[in-house]
Structure formats: structure tokens, C-alpha cells
Ligand code: FAD
Ligand code: DHB
């Protein structure tokens, strides 16, 4: 088989790229290791930058998001009993959209079905060959049969544990990593959200986050120990701990109920350089991970897709390779700024096991500075709604 671009990984990065390229008449095959139901069952991100929303519009898949997504004009940072509202609208005249990654992925698969895009699920042993030549190809096994796809380019959109990044020789690849000494335990419940806006809360017991998917579906998180397992946390234990980490005025409004999903994610900062090796491009979590405090993972994936999409259209339409050659540098310039912001938000809002009394005072001073300084709030708002592409 032959196609123009093999997309390894059928998560949001791969699907969005496929849809954008399809609109430009560029043929793709998506190879996904898991089943479709598995991919669609994952509960992850919820906050979308307008840059992401615009890409979904450009891909022609924004109709439901525009109808059902919630525009948020601000967010709240609480510490102890104090709440600091960051008004994106007032500070910089911009907003974010709350619409679940699960829904984004669902809409992208529906769109791919409508246009007859080829997707292979349960693709095992995906291997990328000759990426540094003019004739790359990808092999995989499906239903016990080995297949080969020849192509012009390979987009590695297969997440942190994928094969694409490992394809870049270790002598060329440099990885930067910081692991945090805690994880996030997330819970989804069919209860009305406790706050109209996303609320980040730092208490003496650690971090908590109040988010939502819609008027009757809440998404909440708490900082937990890395050794914790989901089975260690009954719903009752979660609610009891969560409640204690919120300002009393918020906790009093909290409506609890049975969880419909619970999961634990470790927190890490990670960047792989470069993001291109010959005709292979890394996108999204395959190339970088941010700690989730700042809601940047999916949004950073979208900026990669923006750059790669334009580079591929340029080369297929005119033969000009300038975009492809600049892809890694362009994507990384934005990624490192987003890494900085996510690292800063994480340090600002979590309790670290090794924090000294001095560190605690600095953390408090930073929050008080943010409360009192419109300039500091503006910097937060600019980063939160998304840096320009
Ligand atoms: P993935 O979603 O990981 O998709 C990669 C796909 O590749 C998967 O379907 C996988 O099965 C497939 N794959 C893997 N290996 C192979 C292989 N060898 N062959 C073929 N296929 C393969 N981001 C935000 O922007 N905002 C948020 O609010 C936010 N909140 C988050 C909350 C949590 C709890 C977590 C865990 C993440 C959050 N993120 C958030 C991050 C966001 O979910 C990720 O950045 C996003 O999923 C990245 O998309 P992706 O397509 O690059 O990778
Ligand atoms: C959500 C996740 C985040 O990481 C975040 O910072 C805000 C909201 C969410 O899942 O809704």
C-alpha cells in the first residue's frame, strides 16, 4: 500500500492532522495500537485554547464543540480561604473553551469516517523504516498479517509511550526530563460542578482542582502520592480529602455522588529534541509532556499540528521544504515557553514533600504578589489562554 503521510497514533494529535491534511487533498493512513473504544474511553484534558478551537474549525470538525463547549472568561486560584480570580476577558480580552478531549476525539473519528479516511486499529508492532531516506515506509501487523505502507512522510503522534520517538537514534536525540514527587487522582461524577469556572486550590493538605465537562458532569482532581493506586481511594475517601482542600465557601456548595471514572496520572516535564529526523516528525505527547497544572498538554500538541500541517501542505503543493526544515525549531520554541509556564503553575500550587519553611513562605509570597499585581495576572492570563503560534 502507498499513502502520502502515515500517521502513527490515533489520539487527538494524529486525528487532527489527518483531518486538516484531508481538506487539502493529502492522503493519510492512521495506525492506532489500541481499539477505537479504548481510545474513546480515555478521560483526559478539558480546557482548550482558542488556537486549538480554530484548528478544529479549519479542519471542519468544530460544529458540536461550538454548540456544546463552554466559553470561560477567567479562572480562579485559591489558597487557603482566599480566592484570586484571573479575568482573561478584562486583562487581555480573550477566553478559553471547556470541551472534553474525549468529545474532541469522538468528533474527529466521526469526521474521519465521513470522509472515508483509512484508520487501522489494533495495529501491532508498528515500525518506522528508513525515515532518514527519501523513501520511508512503515510496517505493522493486523489480524496476524504483516503489512507495509510506503509513504512520503511519517507523523509520529503516538504519545509518550509510542515507537516514533524511539526511532530517532539515541546519538541524535536529546531528552530533558523532570519528574514531580506526586501524581493527580482524577474523578468524574454526574454532579453539578462546584464552581462555574475552573478553580485551582492550594491548601496545607495539597492541591485540588475543580473542573467540569458540562452542567451536570464534574471533573475533579487531587494531588496524591506516587505510590497511591486507584483502588486505595474509595469515592468517600476522595470526597473527604477533596472537600478539605477547598476554601470553606466552595466546599459548602460541593455536591458529591458516585464516580463514573477514576484514574491516577504521574506528573512530569519532558522534551525531546529534535522533533524531526529526516522524514519523521514528532507531534504532541510523543515529543513532550507537561505537568497538567495549566491545561497545556493537548494545546501544545495542537500547536505542533499547526506547524506540521502548514509545512506538509507547503511541500506537497509547491515542493518547498522550508517549513519542514524549520518544523522542529519552530515547535520547540513554543514548547519550551509552555514548559516554563506549566512548571511554574505546578510549583506555585502543589505541596512538595521536601518543601522547607522558607519554600512555603516564598510560595505564599508568590500567590500574594499575583493577588495584588495586575501585571502578574496579565502574564498568567497570556500563558493560560495560549501563546500565539
Ligand atoms: P495521546 O492522546 O497519548 O495519543 C497517542 C495515541 O497513540 C494513543 O491513542 C495510543 O494508543 C497510540 N499509540 C501509542 N503507541 C503506539 C504505537 N506503537 N503504534 C500505534 N499507536 C500507538 N491537556 C490539555 O491541553 N488540557 C488539559 O486540561 C489536560 N488535562 C489533562 C489531564 C490528565 C489527567 C492527563 C493525563 C492529561 C491531560 N492533558 C491536558 C494532556 C493531554 O491529554 C495530552 O497532551 C494529549 O492526549 C496528547 O495527545 P496526543 O494525541 O499527542 O497523544
Ligand atoms: C482539566 C485538566 C487540567 O489539567 C487543568 O489544568 C484544568 C482542567 C480538566 O480535565 O478539566
Criterion violated by residue 71 - all others in (1) in contact with a helix residue (DSSP H, G or I) (Cβ under 9 Å, 6 or more places away or on another chain); (2) assigned to a strand (DSSP E or B) satisfied: (1)
Sole exception among (1) touching a helix residue (DSSP H, G or I) at 6+ places or on another chain (Cβ under 9 Å); (2) assigned by TED's automatic domain parsing to the domain that holds residue 278 for residue 343, by number: (1)
Filter result (in a strand (DSSP E or B) and free of Cβ contacts under 8 Å to residues at least 40 places away in the same chain) within region 146-191: 146
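Can you name the residue in region 157-177 that is in contact with a helix residue (DSSP H, G or I) (Cβ under 6 Å, 6 or more places away or on another chain) and within 9 Å of ligand 1 (Cβ to nearest atom) and, of all such residues, is farthest from residue 12 (Cα to Cα)? Break it down into steps so the answer makes sense when it comes.
Quick first cut of region 157-177, residues in contact with a helix residue (DSSP H, G or I) (Cβ under 6 Å, 6 or more places away or on another chain) only: 157-160, 162, 164-165.
This time we only want the ones that are within 9 Å of ligand 1 (Cβ to nearest atom), so: 157-160, 162, 164.
Values: 157: 9, 158: 10, 159: 10, 160: 13, 162: 14, 164: 16 Å.
Top of the filtered list is 164.
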Hits in region 123-145 - residues which are without any contact (Cβ under 8 Å) to a residue 12 or more places away in the chain, part of a strand (DSSP E or B) and either within 16 Å of ligand 2 (Cβ to nearest atom) or more than 12 Å from residue 280 (Cβ to Cβ) (or both): 145
Qualifying residue in region 18-31 (condition: without any contact (Cβ under 8 Å) to a residue 60 or more places away in the chain and in a loop (DSSP other than H, G, I, E, B)): yes
Residue list for region 234-248, restricted to those being over 16 Å from residue 218 (Cα atoms), exposed (fewer than 15 other Cβ atoms within 10 Å of the Cβ) and touching a residue at least 12 places away in the same chain (Cβ under 8 Å): 248
Residue within region 41-62 that is within 13 Å of ligand 1 (Cβ to nearest atom), surrounded by fewer than 15 Cβ atoms within 10 Å (Cβ to Cβ) and in a helix (DSSP H, G or I) present: yes
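Of 74, 80, which residue is surrounded by fewer than 21 Cβ atoms within 10 Å (Cβ to Cβ), within 16 Å of ligand 2 (Cβ to nearest atom) and farther than 30 Å from residue 316 by Cα?
Working: 80 fails: within 16 Å of ligand 2 (Cβ to nearest atom).
Exactly one of 74, 80 is surrounded by fewer than 21 Cβ atoms within 10 Å (Cβ to Cβ), within 16 Å of ligand 2 (Cβ to nearest atom) and farther than 30 Å from residue 316 by Cα, namely 74.
The values are calculated or read from the model by the stated rules, or taken from the named source; none is laboratory data. Computed from a predicted model, the values in this text were never measured in an experiment. Backbone-built Cβ (ideal geometry, glycine too); neighbour counts: all protein chains shown.
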